[in-house]
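S.K.: Just passing along the structure, written as structure tokens.
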Amino acid sequence: MGDAYIEVTGKDLTECFKGAAVGLLRLVYNIKKVELKEDINVEIKGFDLQNLLYKWLEFLIIKLTAERFAPGYFDIEVNKEVTGLKGTVYGEKYSPKKHGFKTEVKGITYHLMEINCNEKCKLRFLVDL
């Protein structure tokens, strides 16, 4: 039991949201072993950027835990003006034997979540393990 505090930096929000997905999923399995055999379209809207990040990470957790889909690559675009995310997630059926298993993610929290985009973008979020 515990938490993981993840910090991601990037040139823009899209790059940070992709990095957030990789950071989250690396807690659970070896993302480098995922073959890009299947794709899932994704479109998410939030009422603010923190809500959008929360919904994005929650989407990935649901795909993994409920649908046994292991995301491995993210071709997404974050639109700050409409507080939305749209794109495609690539991956394959999750296999503990192939991808490994590190720890279980219980959820994402708003506690300590930060999104700051000035010259570069930086975001931080807490994962409940």
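S.K.: Let me spell it out: the conditions are (1) touching a His at 6+ places or on another chain (Cβ under 8 Å); (2) of a type in the set (Ser, Thr, Tyr); (3) part of a strand (DSSP E or B), and Tyr5 meets all of them except one. Which number is the exception?
M.R.: Single failed check for Tyr5: (1).
S.K.: While we're looking at this one, here's another question. Just checking, how many residues over the range 8-35 are more than 18 Å from Glu77 (Cβ to Cβ) and either in a loop (DSSP other than H, G, I, E, B) or of a type in the set (Asp, Glu) (or both)?
M.R.: Of the range 8-35, the ones more than 18 Å from Glu77 (Cβ to Cβ) are 9, 23-35.
Next, from what is left, pick out any that are either in a loop (DSSP other than H, G, I, E, B) or of a type in the set (Asp, Glu) (or both): 27-30, 34-35.
The total comes to 6.
S.K.: Out of Lys55, Lys86, I need the residue that is part of a strand (DSSP E or B) and either closer than 27 Å to Asn118 by Cβ or in contact (Cβ under 8 Å) with a residue 60 or more places away in the chain (or both). Which one?
M.R.: On inspection, the qualifying residue turns out to be Lys86.
S.K.: Also, quick follow-up: Provide a single number: the residues in the range 101-129 that are part of a loop (DSSP other than H, G, I, E, B) and out of contact with any strand residue (DSSP E or B) (no Cβ under 7 Å at 6 or more places or on another chain).
M.R.: Let us first name the residues in the range 101-129 that are part of a loop (DSSP other than H, G, I, E, B), namely 101-106, 118-120, 129.
Subset that is out of contact with any strand residue (DSSP E or B) (no Cβ under 7 Å at 6 or more places or on another chain): 101-104, 118-119.
Number of matching residues: 6.
S.K.: Let me ask you something else. Checking the structure you have, find out if any residue of the range 34-50 is touching a His at 6+ places or on another chain (Cβ under 8 Å) and modelled with pLDDT of 95 or more. Reasoning before the result, please.
M.R.: Step one: of the range 34-50, the residues touching a His at 6+ places or on another chain (Cβ under 8 Å) are 34.
If we keep only those that are modelled with pLDDT of 95 or more too, we end up with 34.
Checked against the condition, which is being touching a His at 6+ places or on another chain (Cβ under 8 Å) and modelled with pLDDT of 95 or more, the range 34-50 yields at least one hit.
The rows are residues; the columns are (1) of a type in the set (Asp, Glu); (2) surrounded by fewer than 16 Cβ atoms within 10 Å (Cβ to Cβ).
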residue: Tyr29; (1), (2): no, no
residue: Glu35; (1), (2): yes, yes
residue: Val82; (1), (2): no, yes
residue: Tyr90; (1), (2): no, no
residue: Lys98; (1), (2): no, yes
residue: Glu104; (1), (2): yes, yes
residue: Ile115; (1), (2): no, no
residue: Val127; (1), (2): no, no
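The values are calculated or read from the model by the stated rules, or taken from the named source; none is laboratory data. Keep in mind it's a predicted model, so treat the numbers as computed, not measured. Cβ atoms come from the backbone with ideal geometry, glycine included; neighbour counts cover every protein chain shown.
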